[in-house]
Structure formats: C-alpha cells, structure tokens
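J.: Structure incoming, see below.
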Amino acid sequence: MDLSFWLQLAVVLVCVAIGGRLGGVGLGAAGGLGVCILVLGMGIQPGSPPVSVLLIITAVIACTSVLQGSGGLDLLVRWAEKLLRKWPRAITFVGPLVCSFFVMLVGTAYVAFAVYPVVAEVAASAKVRPERAVSASVICAGIGVMASPMSAAMAAMVGIMAMQGIAFWQILACTVPTFIFTVLVTALSVFWRGCELEDDPEFKRRLANGDYQWLAGVNATQKYEEKPFARRAVAIFLIGILVSICMGSIPGLRPAWEAAGKVSQLPIPSLIQMVMLATAFFIILLCRVPPEKFASGSVFRSGLIGVVGVFGIAWCTGTFFDLHTKLLADVFSSLAKDAPFVFCVAAFCASSVIFSPTVSTTIMMPLGLKFGLPPEFLIGTWACCFGDFLIPGGAQIGCTAFDRTGTTKLGSFVINHSYLRPGLVFVVSGTIIGWCISKIVF
C-alpha cells in the first residue's frame with residue numbers, strides 16, 4: 001500500500017464523514033465531490049454507479065408515492081391506530097409490532113411516523129411508561145425496511161445479491177423471520193425499563209405544574225375521512241408486491257431468451273422495476289389519482305433525496321474499491337475467514353455516520369463480497385448495517401416530543417438517549433439470529 005492508496009482512502013473517508021453530517025442530498029453531493037477529486041484530481045478511472053439499484057429504488061418510490069396520493073397510505077395509518085388502541089396494556093409489544101408491520105408492508109419508515117404519537121398517548125393512558133413503547137417502536141419501525149420487499153434498502157440488497165445468484169425468496173426467508181424474532185427481543189429488553197409512569201419524577205412534576213393533562217379517553221384521535229378508492233389502491237399495491245415476490249422467487253415464471261447460443265433470463269432487478277411501475281399505473285388509472293398527487297407527498301420527496309445520496313456516495317466508494325479490489329481482497333481475505341464478525345462491527349460503525357441503511361447496504365455489501373465473505377453470511381448479518389440510530393435523527397427527536405410525559409429523553413451526551421438500548425439490542429440480536437437463520441435457509 002503506497003502513499004497514493006492512503007491519500008485516495010482519506011478522500012473517500014472525509015467525503016463519507018462530511019456527507020454523513022450533512023445527510024440526504026448533502027451525502028450525495030459529498031460523494032460527487034469525492035468522485036471529482038479521485039477522477040479529475042488523481043486520475044483514477046471512475047467506477048460504475050449502481051444504476052440497477054437506483055432504478056429499483058426509483059420505481060418503488062414512484063409506486064409508493066402514488067399509493068400515498070390515492071389515500072391508501074393514510075388508510076394504512078388509520079388501521080394501525082385501531083390496532084394500537086385495541087391492546088393498550090400490551091403497548092410495549094404491540095407498538096413495535098404494528099409500526100414495523102406497516103413499514104414492512106409499504107417499504108418506508110415514514111408511514112410509522114404518523115402512528116408514533118398514538119403509541120405515546122396509548123401508553124400514557126394505560127399507565128405504561130411511554131419510553132418503553134416509543135423507543136422500541138421507533139427502532140423496530142426504522143429497521144423494518146430490512147424485511148420489506150418494497151423498501152429501498154431491500155432493493156439495494158436484491159440488486160447486489162442477484163449478481164451472486166441469490167433468489168428474492170431466499171433473502172426474504174432470512175430477513176423476515178429474523179426481523180420478527182428480533183422485534184420481540186427488542187420489546188422485551190425495554191419491558192421493565194425505568195420506574196413505572198406514576199412513580200417517574202419528571203412525570204410527577206409535569207402533572208403537578210399542569211404541563212401534562214390526560215386526554216379525554218384512549219380513543220381520542222384526529223378526524224379521518226377515507227378517500228373513495230383508498231381500499232382499492234391498497235389492494236392493487238398488495239397484488240403488485242405479491243407478483244414481484246412470486247415471479248422473483250420462481251425462475252420458471254420469468255421469461256428467458258436465447259441469443260448467440262446463450263440463454264439469459266429476465267433479471268430480478270428489471271422485474272421489480274417494471275412490476276412496480278405497472279402497479280403505480282393501475283393505481284393511477286383505477287383509483288383516479290389526480291396528476292398533482294403523483295409526486296407531491298412526503299414519500300416521493302424523501303425517496304428522491306435517498307436516491308441522490310445512494311448515487312453520489314456509492315459512486316465515490318465504488319470508484320475507490322474497484323481500483324483496489326485485489327489488494328483489499330488479499331489483505332482482508334484471512335480476516336474474512338477467521339473473524340467475519342469483525343466486518344459486522346465495521347459495517348455498524350459506518351452506518352452510524354452515514355445515517356442511511358440503503359446507502360450503508362449499497363456500500364458495505366459489495367465490500368463484504370470483495371473481502372471474500374459469503375453472500376449468505378452478509379444477508380444473515382444484515383442487521384449490522386442499521387446503526388443510524390446511534391446519533392439521534394428526525395424520528396428520535398420528533399418522538400421524544402410526542403411523549404408528553406417526559407419519560408423519553410435524548411440525553412445530554414448525544415448518544416445517551418432512550419433509543420440506545422433497544423437499538424443496540426436489535427442490532428446485536430438481529431445479527432446473531434439472522435446468522436443462525438441463514439444457516440437454515442442456505
């Protein structure tokens with residue numbers, strides 16, 4: 001490893017660190033700067049951006065944003081509220097399960113953001129310490145994209161692993177049970193956390209000062225008016241998901257062509273792209289979605305920000321690692337065989353500063369393959385790429401405010417917040433459980 005290697009690595013690390021601090025479009029812009037420095041300043045041949053992954057994410061975002069425009073997303077949130085209010089005393093378990101289930105269904109954690117206030121109020125009304133349910137719900141919903149066939153993170157994983165001959169159903173067969181078991185472990189880890197609500201000093205202070213007032217009944221909620229074709233939109237959306245999973249999992253359902261004596265089959269990434277766009281079309285046509293609603297929702301805006309982030313930073317890291325693949329493989333091949341879980345620690349540390357599971361997946365999974373780690377190991381330990389909770393982000397900050405009792409805290413030392421314990425429990429247990437399940441699936 002000569003001086004040029006270390007200079008190039010420094011450029012990549014600085015751009016990742018700065019982009020991680022900026023987040024969103026800033027992450028992609030910092031990656032673009034890194035590509036410019038590596039290519040124009042140092043003369044490195046540019047790598048190929050992850051076009052297939054970007055196209056899958058774009059198609060999924062388009063479909064989900066149309067669902068939001070049809071009112072289907074609001075309907076799902078309404079259903080989630082009803083489920084949460086049904087078992088108030090078990091909110092510590094019900095909250096994470098319900099929030100993460102809807103994230104798995106839709107593919108974006110934003111669908112759960114509208115439900116977090118309900119989790120906090122249901123817990124308080126049931127005299128359950130809200131910190132328990134809120135912290136576990138936020139963590140589980142945020143990581144729920146690892147089990148969703150519709151998420152951008154899953155699109156990245158499918159696109160990467162399709163090149164390794166891994167079927168769509170194999171990824172889901174590993175990630176879905178891993179996620180479900182880990183949600184239960186995470187909820188259990190906070191079930192007895194802290195003192196009971198009525199004994200909490202901060203809650204007593206707020207109650208005495210009049211800063212907290214009980215709501216008029218657990219069923220108090222905002223007025224909701226269901227749009228005419230919302231249920232139809234949800235049904236079409238579910239059909240699109242099933243078609244993608246079935247055709248992506250069963251090779252015989254995908255068309256194949258023969259050219260120059262070689263048979264090629266429709267790739268899974270291309271299948272997902274076309275099915276998601278077709279699903280969006282049917283929702284628009286059959287549910288009469290107004291044109292101004294196609295891309296006006298929060299899902300479309302946040303999704304495109306994620307695309308820019310993946311585009312820039314993945315291009316930057318890909319340019320560097322493509323140049324030094326053989327060198328890095330030779331150096332870390334023995335480490336990958338003797339201590340593969342060291343890679344999981346590195347992936348967690350990287351994800352904690354990148355603030356995007358999709359970007360972390362796009363960077364770390366190809367890197368793990370280059371180091372010689374088996375695809376099944378990377379799929380099984382995928383939970384280690386979800387360390388974006390370490391430094392509180394929008395969901396953690398917002399949900400701390402939703403807890404009017406004051407039991408959910410951000411802490412005075414940045415990382416000593418209410419979400420740290422459930423987050424670490426989820427990542428550690430999810431990595432171990434997923435690794436065990438991958439031994440069965442593969």
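The values are calculated or read from the model by the stated rules, or taken from the named source; none is laboratory data. Quantities reported herein were computed from a predicted structural model and do not represent experimental measurements. Here Cβ is always computed from backbone atoms with ideal geometry, including for glycine, and neighbour counts include all displayed protein chains. Ligands, DNA and RNA are stripped out before the accessible areas are found, and what is left, the full protein with its side chains, is counted by its heavy atoms. Shrake-Rupley method; radii C 1.70, N 1.55, O 1.52, S 1.80 Å.
J.: Considering only segment 309-413, give the helices (runs of 4 or more DSSP H) lying wholly within it that have at least 3 residues that are crowded, with 21+ Cβ neighbours inside 10 Å.
T.: 341-354, 357-370, 375-380, 394-402
J.: Given the condition more than 29 Å from G194 (Cβ to Cβ) and open to solvent by less than 10 Å² (accessible area, probe 1.4 Å), answer yes or no: does some residue in segment 78-88 qualify?
T.: Within segment 78-88 (the criterion being more than 29 Å from G194 (Cβ to Cβ) and open to solvent by less than 10 Å² (accessible area, probe 1.4 Å)), the answer is no, since none of the residues qualifies.
J.: With the requirement that a residue be touching a Pro at 6+ places or on another chain (Cβ under 9 Å) and crowded, with 20+ Cβ neighbours inside 10 Å, what does segment 414-433 give you?
T.: Those that are touching a Pro at 6+ places or on another chain (Cβ under 9 Å) and crowded, with 20+ Cβ neighbours inside 10 Å: H417, Y419, P422, I433.
J.: Failed condition for E376, given (1) closer than 22 Å to A153 by Cα; (2) modelled with pLDDT under 90; (3) not aromatic (F, W, Y), with all others met?
T.: For E376, the exception is condition (2).
J.: If you don't mind, there's one more thing I want to ask. Regarding K262, is this residue in contact (Cβ under 8 Å) with a residue 40 or more places away in the chain and of a type in the set (D, E, K, R)?
T.: In short, no.
Residues checked against (1) at pLDDT 75 or above; (2) in a strand (DSSP E or B); (3) under 26 Å from R78 (Cα atoms); (4) open to solvent by less than 70 Å² (accessible area, probe 1.4 Å):
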site: A220; (1), (2), (3), (4): no, no, yes, yes
site: P228; (1), (2), (3), (4): yes, no, yes, no
site: L238; (1), (2), (3), (4): yes, no, yes, yes
site: E258; (1), (2), (3), (4): yes, yes, no, no
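J.: For G72, which of the numbered conditions (1) open to solvent by less than 10 Å² (accessible area, probe 1.4 Å); (2) touching a Gly at 6+ places or on another chain (Cβ under 8 Å) fails to hold?
T.: Every condition holds for G72 apart from (2).
J.: All but one of (1) buried (at least 24 other Cβ atoms within 10 Å of the Cβ); (2) in a helix (DSSP H, G or I); (3) touching a Phe, Trp or Tyr at 6+ places or on another chain (Cβ under 9 Å) hold for Q170; state the number of the condition that does not hold.
T.: Here Q170 clears every test but (1).
J.: Exactly one condition in (1) crowded, with 24+ Cβ neighbours inside 10 Å; (2) part of a helix (DSSP H, G or I) is not met by V185; state its number.
T.: With respect to (1) crowded, with 24+ Cβ neighbours inside 10 Å; (2) part of a helix (DSSP H, G or I), V185 is out only on (1).
J.: Scan segment 188-215 for residues that are without any contact (Cβ under 8 Å) to a residue 40 or more places away in the chain, open to solvent by less than 80 Å² (accessible area, probe 1.4 Å) and either part of a helix (DSSP H, G or I) or under 13 Å from F93 (Cβ atoms) (or both) and jot them down.
T.: L207
J.: Of all residues being of a type in the set (A, V, I, L, M) and farther than 30 Å from L73 by Cα in segment 260-279, which is farthest from the chain's Cα centre (by Cα)? Just the residue, please.
T.: Ranking the candidates gives A260 first.
J.: Would you confirm whether or not segment 125-140 contains a residue that is farther than 28 Å from T361 by Cα, of a type in the set (A, V, I, L, M) and not in a helix (DSSP H, G or I)?
T.: Checked segment 125-140: at least one residue is farther than 28 Å from T361 by Cα, of a type in the set (A, V, I, L, M) and not in a helix (DSSP H, G or I).
J.: Select from segment 139-157 the residues that are open to solvent by 10 Å² or more (accessible area, probe 1.4 Å) and under 24 Å from L369 (Cβ atoms) and write down the one among them that is nearest to the chain's Cα centre (by Cα).
T.: Going through the qualifying residues, I end up with V145.
Yes or no, residue by residue, for (1) out of contact with any Leu (no Cβ under 7 Å at 6 or more places or on another chain); (2) touching a residue at least 40 places away in the same chain (Cβ under 8 Å); (3) not in a helix (DSSP H, G or I):
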position	(1), (2), (3)
I241	yes, yes, no
M247	no, no, no
A280	yes, yes, no
L285	yes, no, no
